[in-house]
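Have a look at the structure below, then the notes.
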Amino acid sequence: MADKTILRSLAGEVLPTPPIWMMRQAGRYLPEYRATRAQAGDFLSLCYAPELAAEVTLQPIRRYGFDAAILFADILLVPQALGADLWFVTGEGPRLSTITSAADLNQLKPTADIHDTLNPVYETVSRLSKALPDETTLIGFAGAPWTVATYMIAGRGTPDQGPAHALMQNDVAVFDALMERLVDATAEYLIAQVKAGAEVLKIFDSWAGSLDDAAFEKYSRQPAEEIIRRVHKAVGKVPMICFPRGGSQAGYEAFAKTEGVSCLALGQDADVAWAARALQPHVCVQGNLDPGHMVTGGAALVQDVDDICAALSGGPHIFNLGHGITPDADPDHVHTMIDAVRRRPAAPLANAG
C-alpha cells in the first residue's frame, strides 16, 4: 500500500518531514489552470465539467508533487443545489439570490434533491480517485454552514458579514432554520464525496472569526460537530480537517477537543508556539505560512517555513498556507516553499500526543 503521509499525520503520527499541500493549489496563479478555465468557458462550467475539473485538480500535483490533491469545486455549489440562483461577476465575485425570510426558505429544494445538481462533482471525485498517484491523498471539502449562510443572506461576500449577523439578531428562527438546512445539505454532500472516493474531508469556515465566543460555539463548532457525527455514522471514521479561520484561541481549543476532528487548520496570524502547546496534544495542526510569501518570495519565505516547521515539529503537522494562494502568486515561489519544507534538516521523531 502506498505511503500516504497525509493520512499518517492525520492519524497522529509525528513525521520527520511534514507532508505538504496548499489551499487553492489549483487556481489562477497557474497558466495551465487559466488555459483549462478558458476551455470551460466560465468558472461554474468548469466546476460542473468532471473531465476539466479533474484536470485542474491534477495540474498542481504534476507540477509540484504535493502530498494531497483537493477537489476543485466551490463552497457555493451547495446553495445552488438547494435552489439558490448563483452567478459570478467578473472582477467582483459571486452573487446569489438572497434568503432573508421564511418565504425565501420555503423556496429552497429538499435536501434529498441536492445530488441532482452535484452529481458532476461526485464524478470528478471518482475520476480523481483513479487518476491520482498512489501516494497522493484525495481531499474533499465543503463550506461550513455559517460561512455559506453569510453569502446566502447577503447575496454576495461582505467585509463584515453584517447582513448575516443582522438576521441572526433580528429573526433567529429564520437564521437557525437556514443553518439547519445547511447542516443537512453539507453532511449529505460530504458523505457523497467519500462514497465517490474522497479519503479526507475539510470544512472551511472562512468567516468564523466574525463570531463572538457564544455565536462561535453555536454556529461554528456545534454545526461542524454535527456534520462530522453524521459523516462518520454514514461512511466510517474518515479524517476531518476543520478551518474555523480567525477563531479565538479558546474557540480553537474547543474544536481540538471535539470528537471526530482530526486536524485544525490555522490562519497565518495564529501563534504556532501556542498551537504546539494547546492543539497538537489533541489533533494534527495544519498551516500556516502567510500566502503573501508566494507573491514576494525570497529569504523571508524560507525563514518563515523553517520557523513554522521547527515550532510544530513535536507533534503531527501538515504544512500549508494560512489561507488560499492568491492569483498574483509566482509559481516559482511555490517550488521554493516546497524545497524549504522537504530539504530542511529533518526533525527527530517524537511520539504523537
- Which of the residues belonging to the stretch 44-93 are of a type in the set (S, T, Y) and either closer than 17 Å to A196 by Cβ or touching a residue at least 12 places away in the same chain (Cβ under 8 Å) (or both)? Y48, T57, Y64
- Flag if D74 is farther than 24 Å from G267 by Cβ, among the charged types (D, E, K, R) and surrounded by fewer than 20 Cβ atoms within 10 Å (Cβ to Cβ): no
- Query: Just a yes or no: is a residue in the stretch 293-301 among the aliphatic types (A, V, I, L, M) and touching a Lys or Arg at 6+ places or on another chain (Cβ under 9 Å)?
  - Reply: no
- Task: Could you check the stretch 292-345 for helices (runs of 4 or more DSSP H) lying wholly inside it with 2 or more residues that are under 27 Å from V261 (Cβ atoms)?
- Result: 299-311, 331-343
- Message: Just the residues that are under 16 Å from L279 (Cβ atoms) and either aromatic (F, W, Y) or not in a helix (DSSP H, G or I) (or both), please, taken from the stretch 217-245.
- Response: P239, M240, I241, C242, F243, P244, R245
- Message: Between E135, E123, which is under 21 Å from the mean Cα position of the chain (by Cα), closer than 21 Å to P19 by Cα, acidic (D, E) and surrounded by fewer than 19 Cβ atoms within 10 Å (Cβ to Cβ)?
- Response: E135
- Note on the structure: Of all helices (runs of 4 or more DSSP H) fully inside the stretch 4-78, the set with 1 or more residues that are closer than 16 Å to C284 by Cβ and out of contact with any helix residue (DSSP H, G or I) (no Cβ under 7 Å at 6 or more places or on another chain) is 5-10
- For the stretch 253-269, name all the residues that are more than 13 Å from the chain's Cα centre (by Cα), outside any helix (DSSP H, G or I) and within 21 Å of V200 (Cβ to Cβ). K257, T258, E259, G260, V261, S262
- Are there any pairs with C-beta distances below 9 angstrom linking a residue in the stretch 31-42 that is closer than 19 Å to T326 by Cα to a residue that is part of a loop (DSSP other than H, G, I, E, B) and aliphatic (A, V, I, L, M), with the two at least 6 apart or on different chains, and if so which? Y33/A26
- Looking at this structure, is P159 surrounded by fewer than 19 Cβ atoms within 10 Å (Cβ to Cβ) and farther than 24 Å from R245 by Cα? no
- For the stretch 196-216, name all the residues that are small (G, A, S), over 19 Å from P159 (Cβ atoms), in contact (Cβ under 8 Å) with a residue 12 or more places away in the chain and part of a helix (DSSP H, G or I). A196
- Condition test on A250, is it of a type outside the set (S, T, Y), buried (at least 18 other Cβ atoms within 10 Å of the Cβ), assigned to a helix (DSSP H, G or I) and over 15 Å from the mean Cα position of the chain (by Cα)? no
- Query: Any idea which of A215, A270 is more than 23 Å from L118 (Cα to Cα) and surrounded by fewer than 17 Cβ atoms within 10 Å (Cβ to Cβ)?
  - Reply: A215
- Query: In the list A144, A81, which residue meets the criterion of being under 17 Å from the mean Cα position of the chain (by Cα) and among the small types (G, A, S)?
  - Reply: A144
- By residue number, the members of the stretch 224-245 that are in contact with a strand residue (DSSP E or B) (Cβ under 9 Å, 6 or more places away or on another chain) and not basic (K, R) are A224, I227, I228, V231, H232, V238, P239, M240, I241, C242, F243, P244
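The numbers here are math on the coordinates, done by the rules we state, and not lab data. Note that the structure is predicted; figures quoted are calculated from it, not measured. Please note: Cβ atoms are built from the backbone with ideal geometry, for glycine as well, and neighbour counts cover all protein chains shown.
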